[in-house]
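Report on one structure; see the data block that follows.
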Amino acid sequence: LIFIHHSSGENWLADGHGGLGRALDRNNYFASDTNYGWGPDGIGDRTDIVNWPEWFTGPESGKYLKALYGERGQNAPYTRTLADPGGENRIVLFKSCCPNSSLEGRPGDPPARGEGLTVSNAKAIYRELLAYFGTRPDKLFVVITAPPLQDGTHAANARAFNTWLVRDWLAGYPGKNVAVFD
């Protein structure tokens, strides 16, 4: 299992905070993770919603995915007692950090490619990712919704987007290799 994250993901994994790493270990998952500065071209620095196409579908995605699927390192402090089972990572958890909950637009905006962090652009990006995920039925992709912000300015948009991911994003998707954790 590989987890793409930044600081809130690190806190979730850490034994002294959320304990996800320890829970994964107890349940026989050999967990690895990325973080700031990780990977070719420092791709680990770029985990905003608008960066996911670079990871999964962009012109250099083959290079990034090869590194991601082969990653064995531990870039956050969490318990990992299992021996490396070898082979590629078969489960990919990925999340954007909390600033990605500052989505502009309106809660009900439909998917439409554009610029920046908007409800429409975020929905369109996630729809595009499904095309790649559909080519990899050997992998399980788990999208983890972005955590909330203390500033509630765009809270309704963030909640609407996360609800869309949970309820609508996978409607009509024929595969069984994509899930959402909210």
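For residue 166, state whether it is modelled with pLDDT of 95 or more, more than 22 Å from residue 20 (Cα to Cα) and β-branched (Val, Ile, Thr). Taking the combined requirement at face value, the residue does not satisfy it.
The listed residues are 107, 59, and the only one of them that is in contact (Cβ under 8 Å) with a residue 24 or more places away in the chain and open to solvent by 10 Å² or more (accessible area, probe 1.4 Å) turns out to be 107. Kindly indicate the residue of the range 87-101 that is more than 20 Å from residue 159 (Cβ to Cβ) and in a loop (DSSP other than H, G, I, E, B) and also least open to solvent (accessible area, probe 1.4 Å) among those meeting that condition. Restricting to residues being more than 20 Å from residue 159 (Cβ to Cβ) and in a loop (DSSP other than H, G, I, E, B), the top hit is 89. Picking from residues in the range 159-170 that are among the aliphatic types (A, V, I, L, M) and in a helix (DSSP H, G or I), the one that is least open to solvent (accessible area, probe 1.4 Å) is 165. When residues in the range 43-82 are screened for being touching a Lys or Arg at 6+ places or on another chain (Cβ under 8 Å) and more than 24 Å from residue 128 (Cα to Cα), 3 of them pass.
Here is a yes/no grid of residues against (1) among the charged types (D, E, K, R); (2) open to solvent by 70 Å² or more (accessible area, probe 1.4 Å):
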{"site": "113", "(1), (2)": "yes, yes"}
{"site": "123", "(1), (2)": "yes, no"}
{"site": "132", "(1), (2)": "no, no"}
{"site": "143", "(1), (2)": "no, no"}
{"site": "147", "(1), (2)": "no, no"}
{"site": "154", "(1), (2)": "no, no"}
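So, residue 37, is that one out of contact with any Cys (no Cβ under 6 Å at 6 or more places or on another chain), under 22 Å from residue 100 (Cβ atoms) and of a type outside the set (A, V, I, L, M, F, W, C) or not? So residue 37 passes the test. If you go through the range 118-158 and pick out every residue that is assigned to a helix (DSSP H, G or I) and of a type in the set (Asp, Glu), you end up with 1.
For the range 1-56, a tally of residues being within 13 Å of the chain's Cα centre (by Cα), outside any helix (DSSP H, G or I) and crowded, with 19+ Cβ neighbours inside 10 Å returns 9.
The values are calculated or read from the model by the stated rules, or taken from the named source; none is laboratory data. What you see is a predicted model; the values in this text were computed from it and never measured. Here the Cβ is made from the backbone with ideal geometry for all residues, glycine too, and neighbour counts use every protein chain on show. SASA here: full protein model, heavy atoms, side chains in, ligands and nucleic acids out. Shrake-Rupley method; radii C 1.70, N 1.55, O 1.52, S 1.80 Å.
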